[in-house]
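Everything below concerns the one structure shown next.
Coordinate-derived values only; no laboratory data. Note that this is a predicted model, so its numbers are computed, not measured. Glycine gets a Cβ as well: all are built from the backbone with ideal geometry, and neighbour counts include every protein chain shown.
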Amino acid sequence: MASSSNSKADADVDDEVPEEALEHFDDFTLASSWERFISEIEAVCRLWMADGPKNLLEKGAVLLVCSSNLYKVKSEMKYALKSYCMEYYFESTSDGKAIEWNSNLHDLQLCFGVKEFLVIAPQSASGVVLDAPEASKLLSAVAIALSNCSSLWPAFVPVHDPSRKAYIGIQNMGTVFTRRFEADKIGSQAYSTSDLSLHLFKVQFAMRLTYRTVPYDDDDDIKGIDAELTNSRENPSGETSNRTQWDDDCSWSEWYSAEDPVRGFELIAILSDKMVESSMEMAELENASPHEAEKWLISPSFSPNLLEGSKGSRIGFSSQLHLLVDALEMSFEAQFMEDFVSVENPGSDNLNSSMVIPPPTVIDRVMKELFHEGEQLTEFSDGEHKTSRYIKGAPLESLFAQFCLHSLWFGNCHIREYVREVRWCWEESQSLPRMPANGLLDLSTCLINQKLHMLAICIEKKRQLNEDFQDCIGSEDHTDYSTEEESVAGDETSNKQKPIENFSGKVDSFSISDDSHSSGRIIARDGRKPEDASLPTDKKPSECTRRGSAGSIDSMMLLKSYQSMHAPYTQEAPLMTEDMHEERLQAVEAFGDSFDFSAQLEKDILTSDMSAFKAANPDAVFEDFIRWHSPGDWEEDDLKDSVSSSGINTGKPKDNWPPQGHLSKRMSEQGNLWRKIWDSVPALPASEQKPLLDPNREGEKVLHYLETLRPHQLLEQMVCTAFRAAADTLNQTSYGEMEQMVTKMDQLYLTMASGLKPLQDSETIADLRRLSVVFEHVEKLLTLAASLHRKLLRAPRLSKEIFSDFYSFYIPRMGTGLKEDVVNKEFDKKLEVRNHERGVVSSMFSPPTANQSWRKVLSMGNLLNGHEPILREIIFSLCDKVNGNHYAARDPNASQTEMQTYRMYICGTSNDLRVALSVVSCD
Amino acid sequence: MDSASSQAEFDYLFKLLMIGDSGVGKSSLLLCFTVDTFEELSPTIGVDFKVKYVTLDGKNLKLAIWDTAGQERFRTLTSSYYRGAQGIIMVYDVTRRETFTNLSEVWAREVDLYSTNQDCIKMLVGNKVDKEGERVVTKKEGLDFAREYGCLFIECSAKTRINVQNCFEELVLKILDTPSLLAEGSKGLKKNIFKDKPPQADASTSSCC
Ligand SMILES: Nc1nc2c(ncn2[C@@H]2O[C@H](COP(=O)(O)OP(=O)(O)OP(=O)(O)O)[C@@H](O)[C@H]2O)c(=O)[nH]1
Ligand SMILES: [Mg+2]
């Protein structure tokens, strides 16, 4: 009888009351609809009682949003054309203990001290609100039903407007006792706890005080974050700029100011059961300090935006990256930069959909900042994340990365102004700011960054050449140098070529070599001064047309001439950007498989080295070169038993001349390419050779590249670089030891590294959008971590645990997004404050300032550093020994124990008070 | 295999790189693998390049193998060859200890520095095991290094051809086992055919000024 189908059938019948008898075999003909309603309630209750919590859970009871332990089931029924909803609330684990105050309690549990209960109310959809007589009628129906099935569940019915949270209720406590409940708002009636205590004795008393810090973001005048952004950053004299933001010293504040995700904290202080015996004591409690409370719980109140998934609600790197990805998508269609970025007509710009377009003056200023105030970098900071390198961007401080970040916040990329500035640097031989002018090109960065690095180096070389040229004309000691060289090489005709171009005077690549060979080569790192003159072993200077020597190698003598070997200055190996490498590899691959293939560039280097060696050692033979350049291919003869190629017996000490040994087999083979080259090269010092890297040509090539960039080529690189630079910026934020955040950051980098790899086609746009969503989550979490960290600097455990709680709360929301039951739940985790942390927490409640004091209302006492509680809840209860409970077989303990005969819950402030009473009476 | 036709159909293109000190036998190993002969070769100037088509695991593979010079003088340029390599073969000579110690002191560092590919498979190869009498680096030392560095290990001889085919095969099988590398291997094809060429040519080869 007690099935849902039955109640449904009844519901149908109810619509047509006169015909009801015909529909059923059950004999309801005599029952009134009221009686049927009661039996229907009874049936449902019996079913729920029979099931018990375990089965109900299996049948899909719903966990309440506010609780971790309270579930409900519901059933609908109709009476007198109205439909009602009856809900049964129960805890999954009923441990029999009394409810504790620190857990998240249901309102009715809190008000009346009950654990499980029934609520019956008109269906909210029907919009019915019960007035008092109706409510009592309904309640008595439930009471009868419960009594019929001997249930001891308390039942409640809401009265009046829901906002009043008024309830009446009843609980059958056996045959003798009934407990009645009533709760209502009292409005602005002042009360005093002592009134209550007059007629009570041995009252149990418990109090819960809730305090809230003054909101951190208390200004209501933050209207448009956009406006504020541009003001505070782009316009230092603007009015908003002198207001300090919470994140002023956070790494992202150079670009934007984030809304503080932590609005404030709530502190709950609980003074649990105390026995109060006189009104004096009662009055005392009113002034009790929260510092005396047994328990402190802290819970953060977060900005609502923290959980809002919708884009646009929050400005940050992620929102800008999102726009950048949009721009990338459009760039695939744009053929030329003019179609895509137009300075004259910024309205048509594709990057700026929702952004404020800065006026030209601002652009000028930023360009100036970018180019003229940026310090010259020698080396990029290595404070980057270990995975940064795998994202093809540019180091955070580099010129291009900064350009990308500026563009991100402009919502517009002023590539042409940018390139114009770059060209200006080139033409004026001004060193490029924010770029190192030396070192190797880092091929793991994006092509534009490599090109800029190359350009910076070319500019530097150009400048050096100019200086050298000037030096040659003006400087005294340098004239010495050149004349000396001139005189030494006087009759060489080839010498009329001035050392014009790219000779930097470094024997760079040999500097690494000192560990690998015993030959003791001289390493000339900064060799402007030839050491020819200082050579003691140089016996025949007249014969010597030695040029371009970086000094002699002490222990090495030439084979065919009694002279020590000189290491020549050599040209630096040319630098190549990725596309040049690519081109070269492609050429090689096209060349294919001919076996004697060698890369032309390296052949050029070898040729240059040989030339220089010949110039520095006019009497050298091929073997000498090999001994210097590839010592592994020169095999020294064993002292005792071998006969050298020259036929002279050995046995002499090493420094004796001539050195004994022979070329390795592979070096002495017929048709050896090395020897072929050796035979064909002229003796030429590096300074007179054709440069391996022509700075003028390479520099122009870089500018040509920049000036003819296709929109999508630019945007692809901007996307990668902007993602990386944004992450690198965020990553500099300190947020304490929050492991989850560290892990999340690591994950973000890995995701970016793989997500940003294939930017070749528009299919990846969707992936990039997802990536910016991931970025947004991480950015939010990071902002939170930073905010918590700085607010609870001296209580790191609290910030860590709050973050950790929020993290576990937030993570399920990241992926799925739309699961209602998850999303609707609010973060309400409370964290117990340990004794030693109370000081820190208490200090967050700084005494209110004068302009905050208007908030003060009639003081209720229980101040915390002068702060009133925002909520004070008090429970008074009175226990009596109860004997005659002979009926309550379900509760065997009841007959012996004390029974709470009177309970009063008061909550609110003095002008907004809510009171709930539970009174046991003997019927 | 059919290493002559460069137009052959293939499913994946993998790029392999050979590094190690001068004279350890990189070029000899490559020659042995590609044309199955052993002869004296000039020391490599800069880099050498070979293509080999193989069928492994039922897949037709094109292997582009870059054989770099061990000479330091060319080392600044070698960074370009590391880029995008799915496999790196690190060779030492079992009869010359310094070629072995240089692997950890020089070459492994270069790999970390220049390899753009986090998942790239590394293989340690001890060459010239035919000169057993002159051996100074034991197999165990090689194994230990491989374990520590997390790479494959094999000993072989370009002269007797022992283990040479194995060496390349094992490396390629491992690459085939690694999804991200596999993806690169197939992407390379598409990229080369469709997208990359026109802008590339436009951007960098055209002369200026
Ligand atoms: N006995 C023996 N000799 C070998 C073997 N492999 C190479 N060689 C010899 O070792 C020498 C160097 O070999 P290459 O292949 O030119 O060495 P590489 O590593 O290419 O040297 P670079 O090009 O200078 O870096 C040659 O004389 C080869 O004949 C081998 O397995 N056994
Ligand atoms: Mg070689």
Practice problem: Ignore the peptide's own chain and count Cβ atoms of other chains within 10 Å of each Cβ in A:604-612; give me the average, rounded. | Solution: 2
Practice problem: Would you mind ranking A:MET904, A:MET173 so that the residue whose beta carbon has the fewest other beta carbons within 10 Å leads the list? | Solution: A:MET904, A:MET173
Exercise. Counting other beta carbons within 10 Å of each Cβ, put B:SER42, A:SER772 in order, fewest first.
Key: B:SER42, A:SER772
Quiz item: Over region A:33-183, what is the relative contact order in whole percent, taking alpha-carbon pairs under 8 Å and six or more residues apart?
Solution: 18
Exercise. For A:LYS676 paired with A:ALA283, estimate the spin-label separation in nm (one decimal), with each label point 7 Å from Cα along the Cα-to-Cβ line.
Key: 11.4
Quiz item: Arranged from highest to lowest average of other beta-carbon atoms within 10 Å per residue, in what order do the peptides A:736-744, A:689-697 appear?
Solution: A:689-697, A:736-744
Practice problem: Kindly identify region B:12-188 as rounded, prolate or oblate by the Cα gyration tensor criterion: order the square roots of the eigenvalues as a ≥ b ≥ c, call it rounded if a/c is under 1.5, otherwise compare a/b with b/c, prolate if a/b is larger, else oblate. | Solution: rounded
Quiz prompt | Of B:ASN127, B:TYR82, B:THR55, farthest towards positive along the dipole that unit charges on Lys, Arg, Asp, Glu beta carbons give region B:1-130 | solution = B:TYR82
Quiz item: For peptide A:666-675, how many partner chain Cβ atoms fall within 10 Å of a residue's Cβ, on average?
Solution: 3
Practice problem: Rounded to the nearest 0.05, what FRET efficiency do A:ALA587 and A:ARG697 give with R0 = 22 Å and r taken as the Cβ-Cβ distance? Could you check? | Solution: 0.75
Exercise. Could you work out the mean count of beta carbons from other protein chains within 10 Å of each residue's beta carbon in A:576-587?
Key: 4
Quiz item: How far, in nm, would the chain grow between B:ASP36 and B:SER180 when pulled straight, counting 0.36 nm per residue and subtracting the alpha carbon separation?
Solution: 48.7 nm
Self-check item: Full-stretch length increase - A:GLU427, A:VAL62 - with 0.36 nm per residue and alpha-carbon distance subtracted
Solution: 124.1 nm
Self-check item: Segments B:102-112, A:791-801 sorted - mean Cβ within 10 Å per residue, highest first
Solution: A:791-801, B:102-112
Quiz item: Of A:LYS676/B:LYS128; A:LYS665/B:LYS139; A:LYS59/A:LYS274; A:LYS386/B:LYS139; A:LYS744/B:LYS50; A:LYS368/A:LYS461, which sit over 31 Å apart, Cα to Cα?
Solution: A:LYS59/A:LYS274; A:LYS386/B:LYS139; A:LYS744/B:LYS50
Quiz item: At a Förster radius of 41 Å, what calculated FRET efficiency corresponds to the Cβ-Cβ distance of A:VAL742 and A:PHE336, to the nearest 0.05?
Solution: 0.40
Exercise. Among A:ARG36, A:ARG208, A:ARG463, rank each residue by its count of other Cβ atoms within 10 Å, from fewest to most, as a rough exposure measure.
Key: A:ARG463, A:ARG36, A:ARG208
Exercise. Output the peptides A:659-672, B:133-146 sorted from most to least packed, where packing is the average of other Cβ atoms within 10 Å over each peptide's residues.
Key: A:659-672, B:133-146
Exercise. Calculate the dipole size of region A:33-183 relative to its Cα centre from +1 charges on Lys and Arg beta carbons and -1 charges on Asp and Glu beta carbons; express the result in debye to the nearest 20.
Key: 80
Quiz item: If one takes the longest principal axis of the Cα atoms in chain B, at what angle in degrees, from 0 to 90 and to the nearest 10, does the Cα axis of helix B:179-190 lie?
Solution: 50
Quiz item: Which of rounded, prolate, oblate describes region A:665-800, given a ≥ b ≥ c as roots of the alpha-carbon gyration tensor eigenvalues and a/c under 1.5 marking rounded, otherwise prolate only if a/b is larger than b/c?
Solution: prolate
Quiz item: What shape does region A:33-183 have by the C-alpha gyration tensor, where a ≥ b ≥ c are the square roots of the eigenvalues, rounded means a/c under 1.5, and otherwise prolate means a/b greater than b/c and oblate the rest?
Solution: rounded
Exercise. Give the angle, between 0 and 90 degrees and rounded to the nearest 10, that separates the Cα long axis of helix B:164-176 from the longest principal axis of the Cα atoms of chain B.
Key: 50
Quiz item: Separation between the A:ASP637 and B:THR101 pseudo-spin-labels, each 7 Å from Cα along Cα→Cβ, expressed in nm?
Solution: 2.9
